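Mind looking over this structure? Questions follow.
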Amino acid sequence: MLLILPTIIEFIKYLLIAILLTQLGFGCLILLFGKTMVNFYTISIYEKPESPFQRMSNVIQKTTIGFGYLLYSKVSTFNWLLRKVLLLGCLLVQALLSIFLDEIIVGLLEGLSF
């Protein structure tokens, strides 16, 4: 298969959808399992990366699942029930913004292809 512009645009669309859904999915897992998933995230991140591999690993982790952890860290000071409700609200807003962002980027990319 040749790498032509429509193929590249299609790849970028699927990559964007995969990243946005992974972010949302990990946020939902944090909503369901709480501290277990937060501990998984903190284990997978290097606090002070020393090598390029560790830095790249941090970039990949933060790009794919970092937003759910960020949301949880913002609402973690509240009690259990309020934290769950706030996190659910944040995830709903994130889902809507993800759809909106996807539509904008895909529209711009398809505008380039004609």
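List the pairs whose first member sits in the range 84-101 and is closer than 20 Å to VAL38 by Cα and charged (D, E, K, R), whose second member is assigned to a helix (DSSP H, G or I) and open to solvent by less than 80 Å² (accessible area, probe 1.4 Å), and whose Cβ atoms are under 9 Å apart, counting only residues at least 6 apart or on separate chains?
LYS84/LEU31; LYS84/VAL75
Output the number of the condition that ILE12 fails; it satisfies all remaining conditions of (1) surrounded by 15 or more Cβ atoms within 10 Å (Cβ to Cβ); (2) in contact with a Leu (Cβ under 8 Å, 6 or more places away or on another chain).
With respect to (1) surrounded by 15 or more Cβ atoms within 10 Å (Cβ to Cβ); (2) in contact with a Leu (Cβ under 8 Å, 6 or more places away or on another chain), ILE12 is out only on (1).
A quick yes/no check of all residues on (1) surrounded by fewer than 16 Cβ atoms within 10 Å (Cβ to Cβ); (2) among the small types (Gly, Ala, Ser):
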{"residue": "ILE17", "(1), (2)": "yes, no"}
{"residue": "ILE30", "(1), (2)": "no, no"}
{"residue": "PHE33", "(1), (2)": "yes, no"}
{"residue": "SER44", "(1), (2)": "yes, yes"}
{"residue": "SER57", "(1), (2)": "yes, yes"}
{"residue": "LYS62", "(1), (2)": "yes, no"}
{"residue": "LEU71", "(1), (2)": "no, no"}
{"residue": "LYS74", "(1), (2)": "yes, no"}
{"residue": "ASN79", "(1), (2)": "yes, no"}
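The values are calculated or read from the model by the stated rules, or taken from the named source; none is laboratory data. The model shown is predicted, which means the values in this text are computed figures rather than measured ones. Note that we place each Cβ from the backbone using ideal geometry, even for glycine, and neighbour counts take in every protein chain shown. Keep in mind that these areas ignore ligands, DNA and RNA; they rest on the heavy atoms of the full protein, side chains included. Shrake-Rupley method; radii C 1.70, N 1.55, O 1.52, S 1.80 Å.
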